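One structure is given here, and the rest of the page talks about it.
The values are calculated or read from the model by the stated rules, or taken from the named source; none is laboratory data. A quick note: this is a predicted structure, and the numbers were derived from the prediction, not measured. In this analysis, Cβ positions are derived from the backbone assuming ideal geometry, glycine residues included, and neighbour counts consider all displayed protein chains. Side chains included, ligands, DNA and RNA excluded: accessible areas come from the protein's heavy atoms. Shrake-Rupley method; radii C 1.70, N 1.55, O 1.52, S 1.80 Å.
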Amino acid sequence: MSRASAPTRRQTLQMLAGLPLLPLGACASGTEPRTAGAGGAAGFESARFTGMAAPTLANPAAMATTLVGSALEVTSTDGSTQTFALAYRPFFITGDMVSDGKGGKILAGGCYDIRNRPIVDRSVAGAERQFFSDAPDGSSLLTVPDAKVDGVRGKPVFAVVQFEYTTAAQDGKTSMYGKLPSPIAVLTLDQDQASGRLSLVKYHNVDTSGVHGLWITCGASLSPWGTHLSSEEYEPDAFSAANNAEFRAYSLNLYGSATAANPYHYGHIPEVIVNADGSGSIRKHYCLGRISHELVRVMPDLRTALMGDDATNSGYFVFVADREKDLSSGTLYAARVGPGFSIDPAAGRAAPLTWIRLGAASSAEIEQLADTLEPTDIMDVQARDPGDARYTKIVANGRTEWIKLHPGMDQAAAFLETHRYAAYKGASLGFTKMEGTTVNARDKVAYSALQNCDKSMVAGHAANVPGNGIAIPRALKAGAVMALALGGGQKDTTGAAIDSEWMPLNIRALLAGEDIAADALGNTGNPDRVCNPDNLAFSEKLRTLFIGEDSSQHVNSFLWAYNVDTRQLSRILSVPAGGESTGLHAVDEIGGWTYIMSNFQHAGDWEGVHAGVKARLDPLIRANYRNKAGAAVGYLTATAGQPRLG
């Protein structure tokens, strides 16, 4: 098409009514997008990402930072295209002092005890400072009706960001994993109405004292009603918590007592509500099962929630709420996998799923049980076969155990000892590190990441359960992304109807990584394929599944875009070596703009795959990210060199 007849860049933005372009930062100007075809412009046809090469030691600086060399190409109905080169824009690096919106400063990612007092790192004498996280994770971008925050000149947009853990104290030697309560913050962002650019105006640390603090908050999602659904991963084992040094340290840092924290208060779903002034409040839902919550994804019916379960011997769990937009009561189900399970996308087959009803409860009921019951009130657990027919052999959390449920304790077991109870009821607890989940509403397909296909998934392994439907012939450490068809008319294993039109019906492999012998850089997973998938997000408008890696097999973890129609896989971002791609959130439209939120965590967390690059990259990462104590929270935008619109 000739230049004269092609739509202008402004027209390209205007025609994307349902799909405004990614924010272009300072490189764009012009009016906010309007209805499709406004002013006679051609309509939106499609969009695709063009990928980037993986960084190499030819440019070590590129391996030691967040690198973006990709682009978004938008095609109009008249066949013309516009290409927008992408870039990464951080709001802050954890450890920055940022505005508290009151004329003062606050530490980004800072950790607080149950009385909202800073928790102090005393590992280096004379250099005491507040602990802060190097592991930002789940994030949500949202708006609030009638929001008004001082300092916002455009429109207020809010991001909720949670911080999973702190890797180490500042001495670099003392492990802090799981020993500090997880902070969570509301960011007030100023959305420039000419460019879509987002600028941090206010950082608000959410008071979590009313929910007993937060434990290892990992992936997150935005609920359909505009709240941030957090997670608590790796639920502490209530039977061994008293002897768990990590959990005792957590309790000491949170409460000032090594025995004050109750393990049954953790492993649940916190929900953050953002207020019009940029503050936030939090509640915790106790009735979605106490599992290794990686992420919960609520379906378009506003009631059905599919959950990630990041554990060895993990399972698929679904919660169907009693009421729309309210997770405070409902029914919990666990899946049983039928014949035909495969992690090979070429196999082209799906294994059926049936659903075991674990129980129904309200959050208040389960919280009361958590407050009053000891684990031994619920069941007896033995590590060795007691030779007693009253005990049932199970495999949960990578361990073989024999359990005996006490009379009248089914509800408590279902919601407080969910892994053990689901195994006891015959659910297929055989997955390994089931991470993020997301949904493609138009096609009624959910996606789920298996970071590794190992251990409990492999036939013959001690953690594998024969007959549970999950048995692959050999491990695939690079992992896979699974697709689950969704539908209604389902009955649970007792024959009772399940009140949802969004239940997973079957499971098949969509994408799989590839284990390889170490290449010249050190990768043991094919660098041109997804490896160790973790975060997942889906854009309905872009028809794109975004996949973030937490890879121990790629020297740099990547963020990928997979078009579900064209099946094109494109690498669009690389995080610093030794880091993990986190915080993934695809936002189709806020204020006329499309955003892809992306963080990273624990840069320079060296593993065997980094043996050949560590010496070159460690000094660079230390220089970039506070001696490896800092990590970025931000989003994908367009390059500063992009021509202005209009």
Q: Give me a count of the residues in region 347-398 that are part of a helix (DSSP H, G or I), farther than 27 Å from MET503 by Cβ and open to solvent by 70 Å² or more (accessible area, probe 1.4 Å).
A: 4
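Residue under question is GLY579, and the condition is that it be at pLDDT 95 or above, under 19 Å from GLY172 (Cα atoms), under 16 Å from the mean Cα position of the chain (by Cα) and among the small types (Gly, Ala, Ser); does it hold?
Details: at pLDDT 95 or above: yes; under 19 Å from GLY172 (Cα atoms): yes; under 16 Å from the mean Cα position of the chain (by Cα): yes; among the small types (Gly, Ala, Ser): yes.
Yes: the conditions hold for GLY579.
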Q: For residues that are out of contact with any Asp or Glu (no Cβ under 8 Å at 6 or more places or on another chain), in a loop (DSSP other than H, G, I, E, B) and not hydroxyl-bearing (Ser, Thr, Tyr), tally how many sit in region 276-300.
A: 6
Q: Scan region 204-211 and give yes if some residue there is in contact with a His (Cβ under 9 Å, 6 or more places away or on another chain), at pLDDT 95 or above and not small (Gly, Ala, Ser), otherwise no.
A: yes
(Q) Just to be sure I understand, how many residues within region 88-103 are more than 23 Å from the chain's Cα centre (by Cα) and hydroxyl-bearing (Ser, Thr, Tyr)? (A) 1
Q: Starting from residues that are farther than 29 Å from LYS477 by Cβ and not charged (D, E, K, R), keep the ones in region 588-623 and report whichever is farthest from the chain's Cα centre (by Cα).
A: PRO619
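Identify, from the list LEU198, LEU214, the residue that is crowded, with 24+ Cβ neighbours inside 10 Å and more than 30 Å from ARG122 (Cα to Cα).
Working: LEU214 fails: more than 30 Å from ARG122 (Cα to Cα).
The unique qualifying residue is LEU198.
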(Q) For THR494, only one of the following conditions fails: (1) among the hydroxyl-bearing types (Ser, Thr, Tyr); (2) part of a loop (DSSP other than H, G, I, E, B); (3) open to solvent by less than 10 Å² (accessible area, probe 1.4 Å). What is its number? (A) (3)
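Please enumerate the residues belonging to region 430-443 that are in contact with a helix residue (DSSP H, G or I) (Cβ under 6 Å, 6 or more places away or on another chain) and not in a strand (DSSP E or B). Spell out how you get there, then give the answer.
At the first step, the residues of region 430-443 found to be in contact with a helix residue (DSSP H, G or I) (Cβ under 6 Å, 6 or more places away or on another chain) are 430, 432.
Correct list: GLY430 only.
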(Q) Could you check region 537-570 and list, in sequence order, the residues that are within 13 Å of ALA54 (Cα to Cα) and open to solvent by 10 Å² or more (accessible area, probe 1.4 Å)? (A) none
Q | Residues within region 611-636 that are buried (at least 21 other Cβ atoms within 10 Å of the Cβ), at negative phi and either in a helix (DSSP H, G or I) or without any contact (Cβ under 8 Å) to a residue 40 or more places away in the chain (or both), tallied | A | 2
Q. Which of the residues belonging to region 401-414 are within 34 Å of the chain's Cα centre (by Cα) and open to solvent by 50 Å² or more (accessible area, probe 1.4 Å)?
A. ASP410, GLN411
Q: Look through SER257, SER251 and report the one residue that is buried (at least 22 other Cβ atoms within 10 Å of the Cβ), over 30 Å from GLU324 (Cα atoms) and free of Cβ contacts under 8 Å to residues at least 12 places away in the same chain.
A: SER251
Q.
Tell me whether region 456-465 contains one or more residues that are closer than 23 Å to ASP550 by Cα and open to solvent by 10 Å² or more (accessible area, probe 1.4 Å).
A. yes
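Quick check on my filter: what residues within region 332-346 are without any contact (Cβ under 8 Å) to a residue 40 or more places away in the chain and either open to solvent by 40 Å² or more (accessible area, probe 1.4 Å) or assigned to a strand (DSSP E or B) (or both)? Please lay out each step first, then the result.
Filtering region 332-346 down to residues without any contact (Cβ under 8 Å) to a residue 40 or more places away in the chain leaves 340, 346.
Correct list: ALA346 only.
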Q. Within region 132-174, how many residues turn out to be surrounded by fewer than 24 Cβ atoms within 10 Å (Cβ to Cβ), of a type in the set (D, E, K, R) and not in a loop (DSSP other than H, G, I, E, B)?
A. 1
Q. Only one of ALA446, ALA427 is surrounded by 24 or more Cβ atoms within 10 Å (Cβ to Cβ), part of a loop (DSSP other than H, G, I, E, B) and of a type in the set (Gly, Ala, Ser); which?
A. ALA427
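For region 57-80, what are the residues that are polar (S, T, N, Q), under 24 Å from the mean Cα position of the chain (by Cα) and open to solvent by less than 40 Å² (accessible area, probe 1.4 Å)? Walk me through it before giving the result.
So the first thing to find is which residues in region 57-80 are polar (S, T, N, Q), and the list is 59, 65-66, 70, 75-77, 80.
Now restrict to residues that are under 24 Å from the mean Cα position of the chain (by Cα): 65-66, 70.
The answer is THR66, SER70.
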Q: Output the number of the condition that THR544 fails; it satisfies all remaining conditions of (1) over 21 Å from ALA638 (Cα atoms); (2) out of contact with any Pro (no Cβ under 7 Å at 6 or more places or on another chain).
A: (1)
**Q.** strands (runs of 3 or more DSSP E) contained in region 45-127 and holding at least 3 residues modelled with pLDDT of 95 or more
**A.** 81-93, 97-99, 105-107
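Within region 239-253, does at least one residue satisfy the condition of being in a loop (DSSP other than H, G, I, E, B) and of a type in the set (A, V, I, L, M)? So that I can check it myself, show each step before the final result.
Pass one, region 239-253, residues in a loop (DSSP other than H, G, I, E, B): 239-240, 244.
Applying the additional criterion that residues be of a type in the set (A, V, I, L, M) yields none.
Among the residues of region 239-253, not one is in a loop (DSSP other than H, G, I, E, B) and of a type in the set (A, V, I, L, M), which makes the answer no.
Filter region 81-96 down to residues that are out of contact with any Ser or Thr (no Cβ under 6 Å at 6 or more places or on another chain) and surrounded by 19 or more Cβ atoms within 10 Å (Cβ to Cβ) and give me whichever is farthest from ARG626 (Cα to Cα). Break it down into steps so the answer makes sense when it comes.
Residues of region 81-96 out of contact with any Ser or Thr (no Cβ under 6 Å at 6 or more places or on another chain): 83-84, 90-93, 95-96.
The next check asks that each one be surrounded by 19 or more Cβ atoms within 10 Å (Cβ to Cβ); those that pass are 84, 91-93, 95-96.
Details: PHE84: 32, PHE91: 16, PHE92: 12, ILE93: 9, GLY95: 8, ASP96: 10 Å.
Out of the qualifying residues, it is PHE84.
If you check ALA241, ALA220, ALA169, ALA194, which single one turns out to be among the hydrophobic types (A, V, I, L, M, F, W, C) and at pLDDT below 95? Lay out the reasoning, then the answer.
Working: ALA241 fails: at pLDDT below 95; ALA220 fails: at pLDDT below 95; ALA169 fails: at pLDDT below 95.
None of the others qualify; the one that does is ALA194.
For residues that are β-branched (Val, Ile, Thr) and open to solvent by 10 Å² or more (accessible area, probe 1.4 Å), scanning just region 582-608, find the one that is farthest from ALA168 (Cα to Cα).
ILE590
Consider region 399-410. How many of its residues are assigned to a loop (DSSP other than H, G, I, E, B) and either under 21 Å from SER292 (Cβ atoms) or without any contact (Cβ under 8 Å) to a residue 24 or more places away in the chain (or both)? So that I can check it myself, show each step before the final result.
As a first pass, look at region 399-410 and keep what is assigned to a loop (DSSP other than H, G, I, E, B): 406-409.
Filter once more, so that each one left must be either under 21 Å from SER292 (Cβ atoms) or without any contact (Cβ under 8 Å) to a residue 24 or more places away in the chain (or both): 407-408.
The qualifying residues number 2.
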